[in-house]
Amino acid sequence: MDGVNGAEMLRFVEMIARDRGIEKTEVLNAIEQAMIVALRKRVENPDTLVVSVDPNNGKITARETDLDDNTFDVVLDDMGRIAAQTFKQIFVQKNREAERDNIFEKYINLKREIRSGTIQRMEGPNYLVNLGDAEAFFPRKEQVPTESYQVGERVRGLILDVRKQGQKVKIILSRTHPEFVKKLFDLEVPEVAERIIEIKAIVREPGFRSKVAVASYDPKVDAVGACVGVRGSRIKGIIDELNNEKIDIIRWNESAEILITNALKPARVDSITLDYDNRRARVVVPDDQLSLSIGKRGQNVRLAARLCKWDLDIVTVTQEQDWRKRTLEKFQTFEGVDDLLAESLFNSGFDSFADILAAGPEALMKVPGITIDIAAQIIQYCEENPEPPEVIEDVVHADGAQRRADNTYVEPGQELEEEGPAQQGGDGQSVPPKPSGPIDPFSRAAEYAAQAPTREDIENKTS
């Protein structure tokens, strides 16, 4: 193409590559493809058309091959207005595609990493954030309800998702995801970044409270102390970034009983009874610790249940003693069973007539003091006088257990692989709902959750 100055062409290519953030070879490739499209109607054999741009001198050559396999040059001096317009459109399109692919490749590798940007503009309740070389979408559901944002303000967030959308790349920014808190620990606590300390689980109610379970792989390093820092210096940076969101750092333990005890701190726990079949735990707390174990608006028990992946029933010592007393009085109606024998039955794990019938005489005879005759009499009495189990009233319940499609439970520190409106079993049948057990009034924690303020409540209150 004699009419084109090669040096000018190379300067143009370098300018486009620099401004668009793409490789020089990609710009040259876009010119070649655009030229092929523009020349297709001017040659006899468009399928054989080949265009090349010399990266050293900027010279453009076009060749086509006829049916006899003879190759000859195509004259490029006068392309015409329509061909030139076609070239321009295709060239711009190819450059945009290359720019989109480069941005996608960059940010797909930054997925689940923290990036900061400037809020550029609002689109309804959503924001668009300028990351420098790309624009991120900051949707309402990924915004913390206690925070407000202004155009021009800098904001840090987690790259939650990256996907191609037409000629653009859609980058989703989040400040509510638990992974955002985990990445902040990576930045503020060197032991976490170096994997000396591992964050085993994080649960969060954005803007209000988070619980973080940590474990140390070095016996000389205290996991909780290292995350807090000297006089709270390390945790302070995280709390400041989260605008004073409360963070509970919990010592991880493989024992469910110890983990539940740690997760309910700062409340003290008197005792825990675990039902492994239904992944349910009855937690007994001192009477004066009930409100502390529940937490403000039920946050403490709700987050603890989600962290441990156990359903938690919180009862007081007085409630437990009253239930125990009523159960023992029932057991004392058995012939030949005195106070001590009733205590022995209860301490062996029997707390209702249904339990006794399900266990059978052999299990009863393992209880100290129970002979074969007494066991037979107890079984006969339970069959003739069926009674429902005694119920602990006003239990505070929080859901935490999660079941997979194969009816196995998700273990603490793991996440449910696939969440959907209805989990299906291996045989195509839906997974049955979790058994509620003998305890009925579980609504208190749910009421607390329903009372949790939304963004609208906070905005109306401040206005």
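Candidate cross-link partners of Lys111 among the lysines, defined by an alpha-carbon separation under 25 Å and a same-chain spacing of 8 or more, comprise Lys141, Lys164, Lys168, Lys170, Lys182, Lys183, Lys200, Lys211. The label point for Thr318 and the one for Lys296, both projected 7 Å from the Cα toward the Cβ, are 2.6 nm apart. Put +1 on the Cβ of each Lys and Arg and -1 on the Cβ of each Asp and Glu in segment 306-389; which of Ser352, Thr371, Gln332 then has its Cα farthest toward the positive end of the dipole? Looking along the dipole axis, the top candidate is Ser352. Averaged over residues, the count of other Cβ atoms within 10 Å places the peptides 256-266, 314-324 in the sequence 256-266, 314-324, highest first.
Please report, in debye to the nearest 20, how large the charge dipole of segment 254-350 is about its Cα centre when each Lys and Arg carries +1 at its beta carbon and each Asp and Glu carries -1 there. Please report the intermediate quantities before stating the final value.
On the way: 14 positive and 16 negative charges, 161 e Å.
Here the size comes out at about 780 debye.
Please give the length that would be gained between Asp240 and Lys366 if that part of the chain were fully extended, namely 0.36 nm times their separation in residues minus their C-alpha to C-alpha distance (nm, one decimal). Numbers along the way, then the final one.
Details: separation 126, 0.36 × 126 = 45.36 nm, distance 5.84 nm.
Length difference between fully extended and current span is 39.5 nm.
Simple point charges give the picture: +1 on the Cβ of Lys and Arg, -1 on the Cβ of Asp and Glu, and for segment 108-266 a dipole about the Cα centre of about 340 debye.
Using bins of 5 Å that start at zero, the share of Cα-Cα pairs per bin across segment 112-269 amounts to 2, 9, 17, 19, 17, 13, 10, 7, 4, 2, 0, 0, in whole %.
Considering all different alpha carbon pairs of segment 177-252, the Kirkwood hydrodynamic radius works out to 12.1 Å.
Cα centroids of segment 253-311 and segment 166-231: how far apart, whole angstrom? Each part's Cα centre sits 22 Å from the other's.
Each 10 Å bin from zero up to the one holding the largest Cα-Cα distance in segment 224-383 carries the following percent of pairs: 9, 29, 25, 19, 10, 6, 2.
Round to the nearest 0.05 the FRET efficiency obtained for Arg112 and Leu274 when R0 = 41 Å and r is the Cβ-Cβ distance. Write down the numbers at each step before the final one.
Details: r = 34 Å, r/R0 = 0.83.
Given R0 = 41 Å and the Cβ-Cβ separation, E is 0.75.
Couplings 3J(HN,Hα) for segment 124-139, derived from phi with the Karplus relation 6.51 cos²θ - 1.76 cosθ + 1.60 (θ = phi - 60°), are x, x, 9, 10, 10, 10, 7, 8, x, 10, 7, 10, 10, 9, 10, x Hz, where x marks Gly and Pro. Annotation for Asn385 and Arg195: the two label points, set 7 Å from Cα along the Cα-Cβ direction, are 6.3 nm apart. In this Cβ point-charge picture (+1 for Lys and Arg, -1 for Asp and Glu), segment 110-175 has a dipole of about 220 debye about its Cα centre.
Only one residue of Thr146, Leu158, Gly117 has its Cα farthest out toward the positive end of the dipole of segment 110-175, where Lys and Arg carry +1 and Asp and Glu -1 on Cβ, and that residue is Leu158.
Can you sort His397, His177 from fewest to most other Cβ atoms within 10 Å of each residue's own Cβ? Working shown, then result.
Details: His397 24, His177 19.
Lowest to highest Cβ neighbour count: His177, His397.
The label-point distance for Glu23 and Glu97, in a model that sets each label 7 Å from Cα toward Cβ, rounds to 1.6 nm. Were the residues from Tyr217 through Met122 laid out at 0.36 nm apart, the gain over their Cα-Cα distance would be 29.7 nm. Computed extension gain for Gln167 through Asp186, at 0.36 nm per residue and net of the alpha carbon distance, reaches 3.4 nm. Got a sec? Which residues in segment 293-330 would a label at Thr146 touch, if it sits 7 Å along Cα→Cβ and we count backbone N under 20 Å? Within reach of a label on Thr146: 293-307.
No value in this document is a laboratory result; all are computed from the given coordinates. Every value quoted in this text rests on a predicted model; they were computed, and no experiment measured them. A quick note on method: Cβ atoms are made from the backbone with ideal geometry, for glycine too, and the neighbour counts reach across all protein chains shown.
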